[in-house]
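The values are calculated or read from the model by the stated rules, or taken from the named source; none is laboratory data. Because the structure is a prediction, the values reported are computed rather than measured. Reconstructed Cβ throughout: ideal geometry from the backbone, glycine too, with neighbour counts over all protein chains shown.
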Amino acid sequence: MAHDRHTRILIVDDSAVMRSLLRAVLAGDPSLEVAGTASDGESALDALECIHPDLVLLDVEMPNMDGLETLRMIRARAYGMPIVMVSAVTLRGARVTIEALASGASDYVAKPANQTDRQSALQTLAQDLLPKIQALTVAATGSSSRPGSRAEVPVPVQLPRSAPSVLAIGASTGGPAALEVVLSALPTNFPLPVLIVQHMPELFTGMLAERLTQRCRLCVREATEGTPVLPGNVYLARGNWHMTLLAATRDGAPPTLHLHQGPMENHCRPAVDVLFRSVAAVYGPATLAVILTGMGSDGLAASRLLCAQGGTVIAQDQASSVIWGMPGAVVQAGIARRVLPLPAIAPEILRLTSKAASDLQEVRESPVPL
């Protein structure tokens with residue numbers, strides 16, 4: 001995409017009302033242009049060959065060829081432009097969206113629901129969609145937020161003060177697929193509890209936990225109030241609820257989960273900063289934190305705190321991130337102790353946690369990129 005022309009977008013949706021709504025949202029940004037529309041998957045595939053858009057807005061539920069099948073066909077034909085799924089907030093919509101994010105979709109937006117009028121629906125959709133389009137198209141051009149190589153960013157590689165006792169992970173755009181890569185590489189005897197914030201609405205997080213459990217050796221569960229935090233278990237923050245830890249009230253007891261709907265932080269609930277601050281208060285320097293792909297800078301403030309306490313922060317590198325916003329903010333602040341491509345993050349986690357689990361000796365000997 002050249003910088004001297006508009007970002008050209010293909011809208012794919014079987015609903016004329018939704019196509020009109022998306023057109024109106026895009027018309028509100030002078031840098032965006034509707035390159036074409038399609039009402040089904042087959043028409044979308046034909047349109048791609050003619051108009052070569054910079055980004056595709058793809059409806060999840062369509063007759064004949066649905067959004068997931070269309071997505072897979074687009075990727076099979078080696079089209080690499082960002083694709084944003086447009087999903088209804090239903091159980092089926094959430095399930096298919098999670099599958100789409102793992103199959104090559106860049107991000108998603110929820111269709112407006114329970115809006116009193118068209119203007120309210122436009123405003124809600126615009127607030128969610130337009131920043132994602134801008135971030136994804138900037139990332140696709142390799143412009144300022146994506147330096148040319150990891151070597152351009154100096155990273156202070158330090159040894160942690162103590163072996164980690166907890167793993168905390170923050171992710172946003174591109175996170176579902178990234179989480180699958182990291183978690184599927186952790187063994188059944190992984191010695192730490194894992195706490196995750198993935199920016200995602202309620203209903204969607206339950207579907208994500210279900211999918212990750214099917215593809216990982218660890219049990220991934222959506223967080224619930226009062227759950228004990230135990231080694232070898234993965235707890236995913238519930239959409240629209242901050243997830244925090246409560247320290248044990250008696251010797252030998254584990255911390256427990258506490259969920260609340262306090263104010264948004266960094267325009268997010270759940271927020272990575274909320275979780276990381278809470279983990280720092282309970283585990284201090286024994287915290288291992290990982291910042292994965294995502295838009296914005298959620299997690300930066302609490303990562304500073306963790307670093308000051310002697311905890312370890314790992315960031316995903318720019319080349320393997322869908323958007324290098326969250327990890328890039330941590331790297332540019334000089335508080336990421338390692339900056340690694342996505343496939344190298346789990347081996348590094350295991351290398352560090354091997355101090356707390358001697359039976360992971362064979363993993364500790366695996367090469368890890370520097």
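The table that follows gives values for the structure above.
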| read-out | value |
| --- | --- |
| Matching residues in segment 226-258 - criterion: being of a type in the set (A, V, I, L, M, F, W, C) and farther than 17 Å from VAL194 by Cβ | TRP241, LEU246, ALA247, ALA248, ALA253 |
| Strands (runs of 3 or more DSSP E) within segment 157-276 that include 1 or more residues more than 30 Å from ALA135 (Cβ to Cβ), assigned by TED's automatic domain parsing to the domain that holds THR287 and free of Cβ contacts under 8 Å to residues at least 40 places away in the same chain | 219-222, 242-246, 256-260 |
| Unmet criterion (only one of (1) among the charged types (D, E, K, R); (2) under 18 Å from PRO176 (Cα atoms); (3) without any contact (Cβ under 8 Å) to a residue 24 or more places away in the chain) for ASP117 | (2) |
| Filter result for SER103 (at pLDDT 75 or above and assigned by TED's automatic domain parsing to the domain that holds VAL322) | no |
| Residue selected from segment 311-352 under the condition without any contact (Cβ under 8 Å) to a residue 60 or more places away in the chain and part of a helix (DSSP H, G or I), by the criterion surrounded by the fewest Cβ atoms within 10 Å (Cβ to Cβ) | ARG351 |
| Failed item, numbered, when VAL60 is tested on (1) buried (at least 21 other Cβ atoms within 10 Å of the Cβ); (2) among the hydrophobic types (A, V, I, L, M, F, W, C); (3) at pLDDT 95 or above | (3) |
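Conditions (1) aliphatic (A, V, I, L, M); (2) surrounded by fewer than 19 Cβ atoms within 10 Å (Cβ to Cβ); (3) touching a helix residue (DSSP H, G or I) at 6+ places or on another chain (Cβ under 8 Å); (4) touching a residue at least 40 places away in the same chain (Cβ under 8 Å), marked per residue:
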| site | (1), (2), (3), (4) |
| --- | --- |
| ALA27 | yes, yes, no, no |
| ALA38 | yes, no, yes, no |
| THR70 | no, no, yes, yes |
| VAL86 | yes, no, yes, yes |
